[in-house]
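Everything below concerns the one structure shown next.
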Amino acid sequence: ATRTVYPDETVDSVCPFCGVGCLTSVSVSDGKIVKVEGRDGPANENRLCVKGRFGFDYVSSPERLTKPLVRREDAPKDPELKLNPSNYLTVFREASWEEALHRAADGLKESYGAKGGAGLAGFGSAKGSNEEAYLFQKFIRQGFGTNNVDHCTRLCHASSVAALMEGIGSGAVTAPFSSALDADCIIVIGARPEQNHPVAATYLKQAAQRGAKLVVMDPRHQGLMRFADYALVFKPGSDVAMLNAILNVIITEGLYDSQYIAAHVDGFEALKEKIADFTPEAMEPVCGIDAETLREVARLYAKSGKSIIFWGMGVSQHVHGTDNVRCLIAMALTTGHIGRPGTGLHPLRGQNNVQGASDAGLIPQVFPDYRSVEDPAILAEFEDAWGRTLDPQRGLTVVEIMDDILAGGIEAMYVMGENPAMSDPDQHHARKALTSLKHLVVQDIFLTETAWHADVILPATAHAEKLGTFTNTNRQVQIGRPCVSAPGEARPDLDLIIELANRVGLNWDYSGVPEVYEEMRSHMRSLEHISWDRLERDGTVTYPADDDHAPGNEILFGQSFPTSDGRARIVPTDLVPPAELPDADFPLVLTTGRMLEHWHTGAMTRRATVLDAIEPEPVVSMHPKEIRKAGLEVGQQVRVETRRGTITLTLRADRDVSTGMLFIPFCFQEAPANFLTNPQLDPFGKIPEFKYCAARIAPAMLE
Ligand code: SF4
């Protein structure tokens, strides 16, 4: 392939990390990124956090994959295998592109020939562009006639999307986070925006300083609580109890908006009946928040002129994640706090393009724009467009795919830019599944823990090396631009998907990224008025837009909802306990998550010099009182154990962690937190319970 060399200059782009979608100016010198600054984008107004500003040199890391690799014939597939830049050539050998692509495609074809579509699956990536997400799901669906295609949205907000689709007919946010500046009352629940959406957090703090009432609800303390009028540190896993108590107050004290409900909402009577037993007094011992505080928060939220709710994975990553979100939806619908500036529902999306990848159909139950694969008319439309019979049933989700591999079903996989060997729950199980595959193709920029298990590794391009669109948590579509050349023989992800598609007989012929975008847009009414040319001209456009020139609609559902009858629906909830409760053997609650400096499985930020210098080693955080009680010492090596595994890491004192709890970030491959987590799924969103399992801690044995 012809190599593009980029000149030294400053390139306008977008941050590759979280869902905030900060616009950046990337300065390049001698073919390397030397500085990143914030631009005046609608999501960041020149601001950047530590990741966006300093987390860029992973792009030029000496650990980048630069040549295609194929597994040596005699190399064992071992779930315990650990590879690094000095020993990987004992397992893999370098190959030409021709050989690697031929092997990659042949293995997929072989499994398709043996088992049909049921024998294959693909994981795309929320880090890739919209065009990559679109082509990846098209490749799996058109190439193999299966809907077994998913990505890490399954692990972050799948339950939010399930509840939002059911309740209001749309899985995206109803208002941008900057809407907090118009709100009188802001609720932030199960989210730590200071760590995970730092620039969004600045808007929330600004709003609080301007006089909005801020309520922060989280089982751990956090810095945002310094700005809060109410800080509700509730018992982990008791979200439904707390939220139903708030709903009980809204209903029993008549704080609901009957006019709004009559005009727009179904299910209120059923909620009224269900909620009767959830009095604040009855729920106080369950959630740990006193009844009077629950009443005050309910009154504040309901009586404020404009109230908005933000939530994160503390809400979604539970076996009752969908129920948690149903409660939040019910709060907004009973009070009419939706569809106006300063009101609404905003699940803070994690990765830079998790919104866009989901919109583009990179999930097993829907085509682009959340159109069901099980609807015969929609299926027929895509069969027409793609010229083959497609799978009429929803496919398997991330964790279900791992289970299916071990049950002898799926035998070949194509993984683009995802790292399930770090991100999936119960890692011993997940890595065993990856090892059991007959054929695994991994396309990535680093030799990730998932790539250790591959048969063929395709070196791909980093965010800063390619063109593409990305959709942030606010539904704002923005262009990321190449500013440096890819190292060695690495090639753009889009080219690699097209190469594989052609080798399995799809005869794709795309002239470039804009053409893929336009094809994707032709299947998505949400992007109807947002052409590639418009994005080039306007920079950022929020979807949906009413015409080719009108600004996108930031606030949705002022008049009606995108459901069959235009009405929203409340779904009442019951108490469902966490899947694994503490007991005498495992007396603590383990929760996992991210940290400010490291992003997700750490593949990028652990290789960013500044970020890794700040947080260089795996830690488990515990309240100082608990450390003393357990006879442990800060800084010592400890073993944390659950029913699924054990890891050794350094003990850190952290007053934010409530007593009875442990917190471990999941970015450290030296001590993978997901060796410990529980793979039990929420029945609706199929999201695992990363936020709660039973654990114990002890001093590490000295070797
Ligand atoms: Fe990047 Fe998110 Fe930080 Fe903005 S807030 S600079 S998008 S990581």
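FYI, it's all coordinate maths here, none of it is from the lab. What you see is a predicted model; the values in this text were computed from it and never measured. Glycine gets a Cβ as well: all are built from the backbone with ideal geometry, and neighbour counts include every protein chain shown.
Take residue 81, project a point 7 Å from its Cα along the Cβ direction, then tell me which residues of region 439-467 have their backbone nitrogen under 17 Å from it. The answer is 439-444, 446-459, whose backbone nitrogens lie closer than 17 Å to the label point. Taking a straight line from the alpha carbon of residue 205, these lysines sit under 18 Å away, with near neighbours fewer than eight places off in the same chain left out: 213, 306.
Excluding residue 519 itself, what net charge comes from residues whose Cβ is under 10 Å from its Cβ, given Lys and Arg +1 and Asp and Glu -1? Here the charged neighbours net out to -1.
For the pair residue 93/residue 509, report the inter-label distance in nm, with labels modelled 7 Å from Cα in the Cβ direction. About 3.7 nm separates the two model spin labels. Please work out whether region 248-319 counts as rounded, prolate or oblate from its C-alpha gyration tensor, where a ≥ b ≥ c are the square roots of the eigenvalues and a/c under 1.5 means rounded, while otherwise a/b larger than b/c means prolate and anything else oblate? In terms of gyration-tensor shape, rounded. Legend: calculated FRET efficiency, residue 66 to residue 698, from the Cβ-Cβ distance at R0 = 60 Å, rounded to 0.05, equals 0.90.
Report, in debye and to the nearest 20, how large the dipole of the chain comes out about its Cα centre when Lys and Arg carry +1 and Asp and Glu carry -1 on their Cβ. Present the calculation step by step, with values, prior to reporting the outcome.
Details: 68 positive and 93 negative charges, 253 e Å.
Result for the chain is approximately 1220 debye, rounded to the nearest 20.
Residues within the reach of a label modelled at residue 106 (point 7 angstrom out along Cα to beta-carbon, backbone nitrogen below 12 Å), restricted to region 134-153: there are none. The phi-based Karplus calculation (6.51 cos²θ - 1.76 cosθ + 1.60; θ = phi - 60°) puts the 3J(HN,Hα) values of region 83-94 at 10, 8, x, 9, 10, 5, 6, 7, 9, 10, 10, 5 Hz, whole numbers, x for Gly and Pro.
Rounded to 0.05, the FRET efficiency of the residue 646 and residue 538 pair, given R0 = 45 Å and the Cβ-Cβ distance, is 0.30. Per-residue ellipticity at 222 nm, computed for the chain from helices alone with -39500 (n - 2.57) per DSSP H run of at least four residues, works out to -9000 deg cm²/dmol. Length available on full extension from residue 210 to residue 489: 0.36 nm per residue minus the Cα-Cα distance, which gives 95.2 nm.
Taking 0.36 nm per residue of separation and subtracting the Cα-Cα distance, full extension of the segment from residue 74 to residue 518 would add 155.3 nm. Candidate cross-link partners of residue 625 among the lysines, defined by an alpha-carbon separation under 17 Å and a same-chain spacing of 8 or more, are absent. Run the reach check for residue 438 against aspartates and glutamates, Cα to Cα strictly under 17 Å, same-chain hits fewer than 8 apart removed. What comes back? Output for residue 438: 73, 74, 78, 106, 110, 403, 404, 411, 455. Compared with the alpha-carbon gap, the fully stretched path from residue 576 to residue 262 is longer by 110.1 nm at 0.36 nm per residue.
Once the Cβ-Cβ distance between residue 277 and residue 303 is put in as r, and R0 is 25 Å, what FRET efficiency do you end up with, to the nearest 0.05?
Approximately 0.55, to the nearest 0.05.
Give me the percent relative contact order of region 1-101, please, defined on Cα pairs under 8 angstrom at least 6 residues apart. Present the calculation step by step, with values, prior to reporting the outcome.
Numbers: 132 pairs, mean separation 17.4, N = 101.
Rounded, it is 17 percent for region 1-101.
Which pairs, out of 274/686; 67/115; 67/109; 35/466, put more than 20 Å between their alpha-carbon atoms? 274/686; 67/115; 67/109, as the Cα separations exceed 20 Å there.
Contact order for the chain, expressed relative to its length and based on alpha carbon pairs under 8 Å spaced 6+ residues apart, stands at 20 percent.
Fewest first, what order do 701, 520 take by the number of other Cβ atoms within 10 Å? Don't skip to the end; give the middle numbers.
On the way: 701 8, 520 24.
Lowest to highest Cβ neighbour count: 701, 520.
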